[in-house]
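Here is the structure we will look at.
Nothing in this text is a laboratory measurement; each read-out follows from the coordinates by a stated rule. Since we're looking at a predicted model, the values are computed, not measured. Cβ coordinates were reconstructed from backbone atoms using ideal geometry, including for glycine residues, and neighbour counts include every protein chain displayed.
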Amino acid sequence: MNNDYSIRRRQLLKGAAALGAAGVYGLPLQAFAQTPDPWARAQQIVDRFATPLAFPKRDFVITQFGAKPCKVHQVEGFPTIEAKGQVTTPVPGSPDSHPALKAAIAAASKAGGGRVLIPKGDWYLKGPITLLSNVHVHLAKGAHVYFSANPRDYARDGDYDCGANGRLVLSRWQGNDCLNFSPLVYARGQKNIAITGDDWTSILDGQAGVPFEDGSGPGWWGMNRKGASKGALHQGVNNPANPASLAALAPQLDAATLKRIQGGSADWRADEKFLPALSEAGVPAEKRIFGLGHFLRPCLVEFIDCEDVLMAGYLSVNAPFWIHHPVKCRNVHFSKVRMESIGPNSDGFDPESCDTVLVDGCWFNTGDDCIAIKAGKNTDIGYGPTRNVVIQNSVMNSGHGAVTLGSEMSAGIEHVYAQRLDVRNMHWATDPLNTAIRLKTNMNRGGFLRYFYVRDMTLPNGVKLKPSLYAQDTGSATPAKVATGGGAVITFDCNYASSFDDIRSRPPEVSDIHISNVRASNVQTKDGSFACYQAFVVLGPVARSYNGGEGKPVLPVKNVTISDCDFGTAINAQEPWFVHNATDVTLTNVTIGGKRYDEMLKG
């Protein structure tokens, strides 16, 4: 990242709290005691969260500030992105409790902190929950928060007046910084914050499958191609609001560079491609303006540049986009949260450029990756890597990957530990989990993935049996019947969605991955008893995908161990694994289809 861009970025962040690298629990990477046992290091991370966050013992009940419960009814919408049906939503004209909740948070902050209580009942909010330091928002048992299905309510109160696009907030969308709609629960530059519930009857409802209240579209999910009305604009088609050239936004670039960034695809002005192009062109975040007139959906919960963060004990449903997305946060505790959102890009938990994170006792039923660890995309690496993450004691059902690293990981990911996971895949017959352990990157993302450890994972219903096959020739002599998108228990995909990115000049580095005691059981189908299509795929970086200058090596995946694992029966018994551009992939006591393997692979 060049210095001019870094300066502009710091100017944009001016006003955020100046948070140090060390907090109540967390310390910089080097502060963790060095130990040859990686699981001892994981326990050090867990131990950082042994003492709970502390808040002043005073309550600010939203009804004391004028909040009134609402009544609900059913309308036609999308319970999931896959099917239309009845969805529950507040009746028209419902009382808006957002002003009361906002006032309660302000009062708690002014008093030096406390708990803002949302009592039992149905509550309609025409705007986001914006947390402030030392404030704990708590949903009582039976409290159901319905966030309004109206984009204008999330382009009204932001820090940046962007004219017709609305008052927007600094956000990050698929690894790129921008000014956009406020997430439905948001904080930036705050310290010691929490959003919690009594149990899974405490509900945050993003109403993403509910038609927009002004009749302008089928709802948040309609901004994605899967839910868009026929012929309507969405994130994946050219948006006339985006200029036909980047020249005015990036006057420092010559015509050849601009042409390369804009690429040859006819839809490069679609919002989902235009934003990464702005990053590649070095356009500062304050000039990457989206919001109204655009189609980049907000996260349900997003915290940026915060320290000492707790999300615990509630149910989140129907998220517009990613469900939980902490960015550049330190000391993040994600505990006993249940997610039920079968929508486009409904990742459950996506820590990005965060340090010291504990995921414990959560339940995932999502429309995309259950957990996806991220660290920026294109040139947006200023927030740094994600590191020191422990994932444990959780259940994964539907989703693309149970534990995923990437694909947005340009600043790097390291020291991630996953243990005691029940990858239950409960809906295997109708909405299966694609893969259990998933690493994905490409020549655009670059960065590094290293020091990733997995142990004690059970898959009682295997993974998706119908493969999502790799579509490009790797140059290997092995036939390309490779389940990179779904169908393998373990997937390394270092050429993930490469056709989406025109700039592919940053080869990734993947190393030091150690997986043990993964146990997959078969399910009975009409064609036989199987657990997967392939046991594992290690698709290292594909050299022919690189389109940058000379001199950058395309390194193989290296130092991978898979031990004491049973992958059940693979449908593709003739090719139970695939390896390309990888060295020293060591199998020890690995069972596939009842046969044991002890060997070193390379390809």
So what's the net charge close to Val135: Lys and Arg +1, Asp and Glu -1, counting the other residues with Cβ under 13 Å from its Cβ? +3
Taking amide hydrogens as modeled 1.01 Å from N in the peptide plane, which residues meet the under 5 Å criterion relative to His400, leaving out close sequence neighbours? Asp368, Asp369, Cys370, Asn434
Considering only C-alpha atoms, what is the centroid distance from region 510-573 to region 224-280, in Å? 34 Å
Express the relative contact order of the chain as a whole percentage, based on alpha carbon pairs under 8 Å and six or more residues apart in sequence. 9 percent
Any chance you could run the full-extension gain for His514 through Ser499? It's 0.36 nm times the residue separation minus the Cα-Cα distance, nm to one decimal. 2.5 nm
With everything on Cα atoms, drop me the angle between helix 271-280 and the longest principal axis of the chain, reported from 0 to 90° to the nearest 10. 80 degrees
CD proxy, 222 nm, the chain: helix-only mean residue ellipticity via -39,500 (n - 2.57) per DSSP H run with n ≥ 4, per residue, nearest 500, stands at -2500 deg cm²/dmol
With a Förster distance of 35 angstrom and the Cβ-Cβ distance between Ala107 and Lys71, calculated FRET efficiency to the nearest 0.05 equals 0.80
Using amide H atoms built 1.01 Å from N in the peptide plane, name the residues 5+ places from Tyr160, or on other chains, whose amide H lies under 5 Å from its own. Leu168
Mind scanning Lys287/Lys481; Lys226/Lys374; Lys287/Lys464; Lys84/Lys287; Lys374/Lys558; Lys377/Lys558 and naming the pairs with a C-alpha gap bigger than 32 Å? Lys287/Lys481; Lys287/Lys464; Lys84/Lys287
Over region 165-271, what is the relative contact order in percent, taking alpha-carbon pairs closer than 8 angstrom and at least six residues apart? 15 percent
Rounded to 0.05, the calculated FRET efficiency for the beta carbons of Thr561 and Asp198 at R₀ = 56 Å is 0.85
In the chain, if the dipole is taken from +1 on Lys/Arg beta carbons and -1 on Asp/Glu beta carbons about the Cα centre, which of Ala543, Ser468, Thr201 is farthest to the positive end? Thr201
Using a simple spin-label model with points 7 Å from Cα along the Cα→Cβ vector, what separation in nm is obtained for Thr586 and Ala140? 5.8 nm
If one takes the longest principal axis of the Cα atoms in the chain, at what angle in degrees, from 0 to 90 and to the nearest 10, does the Cα axis of helix 3-13 lie? 40 degrees
Could the peptides 116-123, 304-311, 36-43 be put in order, highest first, of the mean number of other beta-carbon atoms found within 10 Å of their residues? 304-311, 116-123, 36-43
Packing-based order for 197-209, 131-143, 367-379, using average beta carbon neighbours within 10 Å, highest first: 367-379, 197-209, 131-143
So, relative contact order of region 209-324 in percent, Cα under 8 Å, 6 or more apart, is 23 percent
Just to confirm the number: angle between the C-alpha axis of helix 98-110 and the first principal axis of the chain, 0 to 90 degrees, nearest 10? 90 degrees
Given charges at beta-carbon only (K, R positive; D, E negative), |dipole| of region 57-197 in Debye: 520 debye
